[in-house]
Amino acid sequence: MKNLNYKIVFDSFTNAQKIAFSLLFAICIVIGVLMPVILPSSSLRQIELSRSYRAGELSDEDVYAPDAVNFIDEVATENDRQEARKSVLPYYSFNSLDTIERLIMSQNYLDAIKAEDSNDAYKILRDHDIFDSDSVTYDLINLSDEERNLVCDIVDEVLINVLRNGIFSSSDIKESIDEGYRNITVEHLGTNYKIETHEINAESAFTFENVYEKVLDYALEKYSSVNDKVLITIAKAVKMLSIENIRYDALKTESFREEASNATSPVAIRLEEGDLIIARDTIITEQQLRIVDQINNRRIEIPPSALVSYALFLITVMFFSYYFFVVSIQYKYRIPLYSLIFLVGILVELILSFLMISFILSREERVLIDPLLPFLFLPLLFTCITNKRRVGFSVGFVTAAFAVLFPTSNKFTFFLLLVVIEASIFFVHRGTNRLDVIYEALYSSLIAAIATAIFSLLSGFSYSILARNIVFIILNVLLTYIAVSIALPILEKVFNLPTQFRLHELSYTDTPTLNRLSQVAQGTFNHVRNVSDMSYAAAKEIGADAELTRVGALYHDIGKAEHPEYFIENQGGKGNVHDELNNNLSAAIIKSHVKLGVEKGREIGLPQEVLDIIGQHHGNDIIMYFYNEAKKNSPDAARLVREEDFRYNGEIPQSPESAIVMLADCVEAASRTLKNPNTQKYDRLIMNIIMSKINHGQMAQSKLTLTDIMKIKDTFIRSLVGRDHQRIEYDKE
């Protein structure tokens, strides 16, 4: 790949062009990013009901989806989430720290009772704000030693079981029951003293208010051998020493309910075009009415992060495509013009695409919109005005990338556009006459129709829609070729562009300029025709721009028409006028034909690329004949004869086309001097000329390789042999 000199490209823009380029580039990116957003919602097809319905009524009609619709039923989703929240039972947490502290306190209290130390027992109760309203301490102290120890052990056992299972707040239990929960989730202290969770019936939970009755019932059943008075004392003691150690945990309950809500899958409604939403004579549901409202109230919503991604995508595509665009343009002074045309064209295509999509989406018919987009015009136009298929493809790649972001695009859009663009570009330049565009359009339409048929089938379209899509793409391609055929001559005229068609028209030898040359300088006219034929064949051989080379060769010596008698090919065997002039003046006259030719070419409106060939066809080489004569005739040649006075003032060839014309010009003129020419003599002559130009630095910037030069040499030999109607002499072997 050729290296890109960014400084040359940057410097080729004027300040105004730089500002225009930056603004157009930014506008294209913004419009491309906002295309899915700014598409009018009114263009989306809606459902028109015969009347306003309410949930529970019978439908008077069948209602179908106008096109494919995917959305989330927010109401149904929220209902499911609320149900998921309600399914989470109230969560009660176990307070292990308070439980252990109360068990330790109870153990100390019962030890004091066993030791008959009532003062210590009362002190322990006071320290923990426990009021012995039922005189439990007194009753325990007054038991016999045997009963007291037995009762203390029973109280300790029952209290441990009660606290491990937990005592609830009656207000918390009541609140859960009032909320409609029969069961609750509870933490308790397991047998291994680790927190365990289980579900219990809320009404069966131990609360501080019912602990006395539940413990008494438990004691009566388990300790039936103990008299009732002692059992009552046990129940009172357990209640006195108990504590509410399980409370409703609102934070955990809310956390679990939030998790359940978040884990609920959204209710997704997916409808294809033609799916039945409401059937006639059926009861209409709330969800069906919501689906209708959702379809009628659709909006194109894209998150900001997606817009940023779109922008980065388009900037990246534009950057790399523009790089290949610029690299493929040989004449760098054309880059600003081509760049601005490129951006303006992208902008126009985006606007037309927006209008096209808005119009089509408002129609009832379902079609593949891609075949109707104006995506082909710009690639074809640039292929024609630059004579480079790579430029057209770079532009087409950008067009396809923008189309990917259109709201109507599918996974095949990019590939369909690229196939059609590449096929159309391939057929460009199959001919050089404007009528050849008809054949190019037909070939391109055929390939586009086949590609559209394939991608329509892959997209699942019916055969009737497929047929319409094929018609649309054929019309699109044909209309695009017509539009390009109209736009191309206008651009050629306004911007003086060297398109293949323009060059082909300039290559006719009956133009006014060439007619005058043939009249006043017949020898030069014959010379340029021969140079043109040789140059054209050589350019085709190495893949250069053959039409440009031919035109450049035809016009390269038009400057000689002003003073034809000073050039040997026009002297017709008469005396040489230079014999009467000094060598410096002769050299100046010879050199002037280059400048005069450029001025004449600019006057008649030749493209700049042709003017470059005219101005570069002698480079800055030395006019050796007059230079050598000057040195021969000067007594002090080293001091008085300067190379600069005998050197052409042009620029050395900057392109393969200019270099080919330079070589063909020298070879054609020198070949006239050969006596009894044959293949070997032509070969030596051409090689000598080529090596001379290389040694004098004339080929340094021509971009020709050694392989190209060898091919040019062989082509020149064939042209010269054909010109002289001689048979090629073969080596005797």
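Within region 536-552, is even one residue at pLDDT 90 or above, more than 42 Å from the chain's Cα centre (by Cα) and more than 16 Å from L606 (Cβ to Cβ)?
Checked against the condition, which is being at pLDDT 90 or above, more than 42 Å from the chain's Cα centre (by Cα) and more than 16 Å from L606 (Cβ to Cβ), region 536-552 yields at least one hit.
What's the total number of residues in region 167-187 that are closer than 15 Å to R247 by Cα, touching a helix residue (DSSP H, G or I) at 6+ places or on another chain (Cβ under 7 Å) and open to solvent by 60 Å² or more (accessible area, probe 1.4 Å)?
So the count comes out to 1.
Output the number of the condition that S702 fails; it satisfies all remaining conditions of (1) open to solvent by 30 Å² or more (accessible area, probe 1.4 Å); (2) not in a helix (DSSP H, G or I).
(1)
Filter region 256-302 down to the residues that are within 38 Å of the chain's Cα centre (by Cα), assigned to a loop (DSSP other than H, G, I, E, B) and among the small types (G, A, S), then identify the one that is farthest from Q46 (Cα to Cα).
So, considering only residues that are within 38 Å of the chain's Cα centre (by Cα), assigned to a loop (DSSP other than H, G, I, E, B) and among the small types (G, A, S), the one farthest from Q46 (Cα to Cα) is A263.
Residues checked against (1) of a type in the set (D, E, K, R); (2) in contact with a Pro (Cβ under 8 Å, 6 or more places away or on another chain); (3) assigned to a loop (DSSP other than H, G, I, E, B); (4) under 12 Å from A237 (Cα atoms):
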position	(1), (2), (3), (4)
D120	yes, no, no, no
K123	yes, no, no, no
R126	yes, no, no, no
D129	yes, no, yes, no
Y138	no, no, no, yes
L143	no, no, yes, no
C152	no, no, no, yes
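Looking at region 228-243, is at least one residue open to solvent by 30 Å² or more (accessible area, probe 1.4 Å) and among the β-branched types (V, I, T)?
yes
Do we have any residue at all in region 635-644 that's out of contact with any Leu (no Cβ under 8 Å at 6 or more places or on another chain), in a helix (DSSP H, G or I) and modelled with pLDDT of 90 or more?
No, the conditions are met nowhere in region 635-644.
Restricting attention to region 553-608, and to residues there that are of a type in the set (K, R) and surrounded by fewer than 16 Cβ atoms within 10 Å (Cβ to Cβ), which single residue is nearest to K493 (Cα to Cα)?
R602
Being open to solvent by 10 Å² or more (accessible area, probe 1.4 Å) and outside any helix (DSSP H, G or I) is the filter here; which residues of region 372-394 pass it?
P374, N387, K388
Quick one: which of E273, E254 is surrounded by fewer than 18 Cβ atoms within 10 Å (Cβ to Cβ), acidic (D, E) and over 30 Å from V33 (Cβ atoms)?
After applying the criteria, what remains is E254.
Given N142, N108, N161, which one is free of Cβ contacts under 8 Å to residues at least 24 places away in the same chain, within 15 Å of V215 (Cβ to Cβ) and not aliphatic (A, V, I, L, M)?
N161
Which one of these is at pLDDT 90 or above, part of a helix (DSSP H, G or I) and out of contact with any Asp or Glu (no Cβ under 9 Å at 6 or more places or on another chain): I315, I360?
I315
Restricting attention to region 473-507, which residues are over 30 Å from K600 (Cβ atoms) and buried (at least 20 other Cβ atoms within 10 Å of the Cβ)?
Of everything in region 473-507, those that are over 30 Å from K600 (Cβ atoms) and buried (at least 20 other Cβ atoms within 10 Å of the Cβ) turn out to be I473, N476, V477, T480, Y481, V484.
Within region 188-217, can you find the residues that are among the basic types (K, R) and either open to solvent by less than 50 Å² (accessible area, probe 1.4 Å) or in contact with a Phe, Trp or Tyr (Cβ under 9 Å, 6 or more places away or on another chain) (or both)?
K214
Select from region 553-567 the residues that are in contact (Cβ under 8 Å) with a residue 40 or more places away in the chain and either in a helix (DSSP H, G or I) or within 60 Å of the chain's Cα centre (by Cα) (or both) and list them in ascending order.
Within region 553-567, A553, L554, Y555, H556, D557, I558, G559, K560, A561, P564 meet the criteria.
Name, by its number, the condition in (1) more than 30 Å from I160 (Cα to Cα); (2) in contact (Cβ under 8 Å) with a residue 24 or more places away in the chain that does not hold for L89.
(1)
Which members of region 222-262 meet the condition of being among the charged types (D, E, K, R), over 30 Å from D80 (Cβ atoms) and without any contact (Cβ under 8 Å) to a residue 24 or more places away in the chain?
K222, D228, K229
Would you pick out the residues in region 609-633 that are buried (at least 18 other Cβ atoms within 10 Å of the Cβ) and in a loop (DSSP other than H, G, I, E, B)?
H617, H618, G619, D621, I623
Does region 686-695 contain any residue that is in contact with a Leu (Cβ under 8 Å, 6 or more places away or on another chain), closer than 23 Å to Y536 by Cβ and modelled with pLDDT under 90?
Among the residues of region 686-695, not one is in contact with a Leu (Cβ under 8 Å, 6 or more places away or on another chain), closer than 23 Å to Y536 by Cβ and modelled with pLDDT under 90, which makes the answer no.
Residues of region 508-538 being under 19 Å from N387 (Cβ atoms) and either of a type in the set (V, I, T) or open to solvent by less than 20 Å² (accessible area, probe 1.4 Å) (or both), which ones?
Those that are under 19 Å from N387 (Cβ atoms) and either of a type in the set (V, I, T) or open to solvent by less than 20 Å² (accessible area, probe 1.4 Å) (or both): S532, S535, A538.
The values are calculated or read from the model by the stated rules, or taken from the named source; none is laboratory data. Note that the structure is predicted; figures quoted are calculated from it, not measured. All Cβ positions, glycine included, derive from the backbone under ideal geometry; neighbour counts span all protein chains shown. Areas reflect the complete protein model, heavy atoms only, side chains present, ligands, DNA and RNA absent. Shrake-Rupley method; radii C 1.70, N 1.55, O 1.52, S 1.80 Å.
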